[in-house]
Amino acid sequence: MALIKFSDEEKKLIVGRIQAYFQEELHQELGGFDAEFLLDFFAEEMGAYFYNRALYDAQAIMQRRLEDFGEAIFELEKPTDFGR
């Protein structure tokens with residue numbers, strides 16, 4: 001898996017969210033550099049876990065859709081005398 005990279009706009013937004021979390025929940029000020037470092041750490045060390053979970057979830061959704069699709073096709077079948 002390639003390293004997770006965020007655009008500058010995404011990184012700015014995420015860093016702001018990290019800083020807000022530290023302020024609101026932990027009552028700690030966190031500078032932009034530290035928040036960006038924390039984001040990079042999570043992206044490198046735990047990003048694969050989130051990425052893989054998203055893949056598993058997407059695969060499960062696709063499987064359900066394919067089953068629905070198969071059922072829809074089966075419902076379109078016309079009766080025949082074949083096999084009697």
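Here, each number is a calculation from the coordinates, and none is a lab measurement. On a predicted model such as this, the values are computed, not experimentally measured, just so you know. Neighbour counts are summed over all protein chains in view; Cβ atoms, including those assigned to glycine, are modelled from backbone coordinates with ideal geometry.
Under a Cβ-Cβ cut-off of 14 Å, what is the net charge of the residues other than residue 35 that fall near it, where Lys and Arg count +1 and Asp and Glu count -1? Present the calculation step by step, with values, prior to reporting the outcome.
Working: positive: 11, 12, 17; negative: 10, 24, 25, 29, 34, 36, 40.
Charge balance in the 14 Å sphere: -4.
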Modelled label-to-label distance, residue 6 and residue 40, 7 Å Cα→beta-carbon offset: nm?
-> 1.3 nm
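Compute, for the chain, the length of the dipole vector about the Cα centre, with Cβ point charges of +1 (Lys, Arg) and -1 (Asp, Glu) only. Units Debye, rounded to 20. Each step should come with its number before you reach the end.
On the way: 9 positive and 18 negative charges, 70 e Å.
Its charge dipole is roughly 340 debye.
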Per-residue HN-Hα couplings for region 4-10 [Karplus 6.51, -1.76, 1.60; θ = phi - 60°; Hz; x = Gly/Pro] | 6, 10, 10, 5, 4, 5, 4
Once the dipole of region 8-74 is set up from charges on Cβ (+1 Lys and Arg, -1 Asp and Glu), the residue from the list 74, 20, 31 lying farthest towards its positive end is 74
For the chain, the longest principal axis of the Cα atoms and the Cα long axis of helix 32-76 enclose an angle in degrees, to the nearest 10, of 10 degrees
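For the peptides 57-67, 12-22, 40-50, what is the packing order when you average, over each peptide's residues, the other Cβ atoms within 10 Å and list the highest mean first?
Working: 57-67: 10.0, 12-22: 15.2, 40-50: 13.0.
Output ranking for 57-67, 12-22, 40-50: 12-22, 40-50, 57-67.
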Go through (1) 16.8; (2) 13.1; (3) 12.2 and flag the label whose value is the computed Kirkwood radius over Cα pairs in Å for this structure.
-> (1)
